[in-house]
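See below for the structure under consideration.
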Amino acid sequence: MVDWGRAVKMPFQDYKKLGIAGLMYVIPVVNIVTSFFATGYGFRMAENSMKKKFALPEWADWGDLFLKGLLGAIISIIFMLPAMIVAMVGVGSALFTMLMSGNFDPMLLFQSLGLGAVAALLGLIAMYLLPAALMFFVKEDSFASAFDFGGIFKKVFTGDYF
């Protein structure tokens, strides 16, 4: 079981290390790349917490930090893909049809809203599963572990996770 109190306090042990991560997220345009480093560092902190090590890790092995952050982003996109596809197909096709025909069709709009609701539900499900998937990725240090749906479902359908 994770000691949540210690895990939440962990980033505030060393403001210099926290500041480095903060700058990587804040600087416009540059943060497109640097956020991968900061996310990888966050994964390293999560891994340490799982191992009951509550000292902040060093900012070292920058290539690994970047790769872990990038893989975390790819995992997130894959989990959100069903919601994005339904949203694009449903809402996009309705809007495209109305724009091309020049007619406002309330029934077509209603159908697109229904598909939009399905996309929102799929997105909520993905957002519920994603933290567990990312922690499986971190714990096992394996991209494929993020898609161990048997293990993920076993973890997420518990009172502790909820």
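The values are calculated or read from the model by the stated rules, or taken from the named source; none is laboratory data. Keep in mind the model is a prediction, meaning the values are calculated, not measured. Virtual Cβ from ideal backbone geometry, glycine too; neighbours counted across all protein chains shown. Quick note on the areas: whole protein, heavy atoms, side chains included, nothing else; ligands and nucleic acids left out. Shrake-Rupley method; radii C 1.70, N 1.55, O 1.52, S 1.80 Å.
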* Asked: Summing Lys, Arg as +1 and Asp, Glu as -1, what charge do residues with Cβ under 13 Å from the Cβ of residue 146 carry, residue 146 excluded?
  -> 0
* Once you have the Kirkwood Rh of the chain from its Cα pairs, apply Stokes-Einstein at 10 °C and 1.306 mPa s and quote D in µm²/s. => 87
* **Cα-based reach from residue 16 at 17 Å (exclusive), listing aspartates and glutamates while leaving out same-chain residues under 8 positions away** => 58
* For region 76-120, what percent of Cα pairs sit more than 13 Å apart? -> 52
* Asked: Mind ordering 12-20, 31-39 by average Cβ neighbours within 10 Å, highest first?
  -> 31-39, 12-20
* Roughly how big is region 28-162's charge dipole about its Cα centre, with Cβ charges of +1 (Lys, Arg) and -1 (Asp, Glu), in debye to the nearest 20? -> 280
* **Residue-averaged [θ]222 nm for the chain, counting only DSSP H segments that reach four residues, each worth -39500 (n - 2.57)** => -24000 deg cm²/dmol
* Starting from the Cα-Cα distance between residue 20 and residue 67, subtract it from 0.36 nm times their residue separation and give me the gain in nm to one decimal. => 15.1 nm
* Quick one, could you list the DSSP H helices from the chain stretching 24 Å or more along their long axis (Cα atoms) with average Kyte-Doolittle hydropathy of 1.0 or above? => 62-87, 106-140
* Structure fact -> To the nearest Å², the heavy-atom accessible area per residue of region 85-136 with 1.4 Å probe amounts to 64
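Determine the share of region 72-147's accessible area contributed by carbon and sulfur atoms, expressed in whole percent, with a 1.4 angstrom probe. List each step's numbers first, then the result.
Working: 3660 of 4570 Å².
After summing per-atom areas, the C and S share lands at 80 percent.
Quick check for you: with a 1.4 Å probe and neighbouring chains kept, what is the accessible area per residue of region 5-46, in Å²?
On the way: 2550 Å² over 42 residues.
Heavy-atom accessible area per residue stands at 61 Å².
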* Structure fact -> If one builds a Gaussian network model of the chain from Cα atoms under 10 Å apart, the most fluctuating residue listed among 43, 96, 136 is 96
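Within 13 Å, Cβ to Cβ, of residue 68, how many net charges do the neighbouring residues add up to if Lys/Arg are +1 and Asp/Glu are -1?
Details: positive: 44, 139; negative: 47, 61, 64, 140, 141.
With Lys, Arg at +1 and Asp, Glu at -1, the neighbours total -3.
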* To do: Find the eigenvalues of the gyration tensor of the Cα atoms of region 10-94, then list the square roots of 5 times those eigenvalues as equivalent ellipsoid semi-axes, largest first, in whole angstrom.
  => 31, 15, 11
* Mind jotting down the distance between the C-alpha centroids of region 106-162 and region 10-53, whole Å? => 24
